[in-house]
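Heads up: the structure comes next, in structure tokens.
Read-outs throughout are calculated quantities, based only on the coordinates presented, and are distinct from any laboratory measurement. All figures in this text were calculated on a predicted structure; none of them were measured in a lab. A quick note on method: Cβ atoms are made from the backbone with ideal geometry, for glycine too, and the neighbour counts reach across all protein chains shown.
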Amino acid sequence: QYDQTPRKAFLDFYYPQNVTAESLMNGETVPERTFAQLPYRAYLENEKLTLAAFAQVRSFEGNLHNISIRKTLQLTGDTLEFTWHLGNLPRWETLLFGSEFNFAGLPGHCEDRYFYDSCGMHLGDLSTCLNTKTAPFLGLADDWQKLRVELNVSRITDFWTYPVETVSNSEGGFELVHQAVCVIPHWFIRSENDSEWECRMSLRITERK
């Protein structure tokens, strides 16, 4: 299995129905890569980066629509602030939109590296495939490095997570090597009265003493 796009962050995709973290990890589901491959218009103002583009997107109902996207990125202290604004959305049709973030340097398959929810409950180590529902918060912990990565979203959000691994040939044969943790907040968008949709997310990385 080979990646269709670079493993970076703030990569926007549209997804088909019935997607799971497992199907994405195994390459069984391929998202619509239109926005991830587009050239964006970019400008910087008041220390805020704005990116804008247009693309044709197919809804769950099978119709093509010209959708606009405008997203912003701003660093405030120890927090990155992200905003997505979608325009020209079709009424009474559904889209599944998500943004992919890949975090390297956080090993999987370790008890002291784990996901947690807003109450601090452990959700599994960082190699876990998660399909969380209606939770606008997800945390990643590395107790050994004393790091916390926290994602707070302004809307009710579902998250997919899965490990990004490569195959290495060692003395013991082929083995999987953990490279990154993929986290994808995503939303089912169905416009009823307004052709626009907006969401904000903060990403905070802190050191726990």
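Brief remarks follow.
- Label point 7 Å beyond Cα of GLN145 along Cβ direction - residues of segment 193-209 with amide nitrogen under 16 Å: 204-209
- Added length on full extension, which subtracts the Cα-Cα distance from 0.36 nm per residue, ILE156 to ARG208: 16.0 nm
- Dipole of segment 1-145 [Lys/Arg +1, Asp/Glu -1 at C-beta], most positive-end residue of HIS65, LEU95, ALA21: HIS65
- Formal net charge of residues neighbouring VAL181 (Cβ-Cβ distance under 14 Å; K, R +1; D, E -1): -1
- The Cα center of segment 181-209 and the Cα center of segment 43-74 differ in position by 14 Å.
- Exposed chymotrypsin sites (Phe, Trp or Tyr not before Pro) absent - longest run of the chain, DSSP non-H/G/I/E/B, at most 11 other C-beta within 10 Å: 3-91
- Counted charge near GLY87, where neighbours are those whose Cβ lies closer than 11 Å (Asp, Glu -1; Lys, Arg +1): -2
- Which labelled figure in (i) 146; (ii) 136; (iii) 120 is volume of the Cα convex hull per residue in Å³, once derived from the coordinates: (ii)
- Summing +1 for each Lys or Arg and -1 for each Asp or Glu among the other residues whose beta-carbon sits under 10 angstrom from that of GLY98 gives -3.
- In plain terms, the chain from GLN74 to PHE54 could stretch by 5.0 nm, reckoned as 0.36 nm per residue minus the Cα-Cα distance.
- Proximal aspartates and glutamates to LYS8, defined as alpha-carbon separation beneath 13 angstrom and excluding residues fewer than eight positions away on the same chain: GLU100
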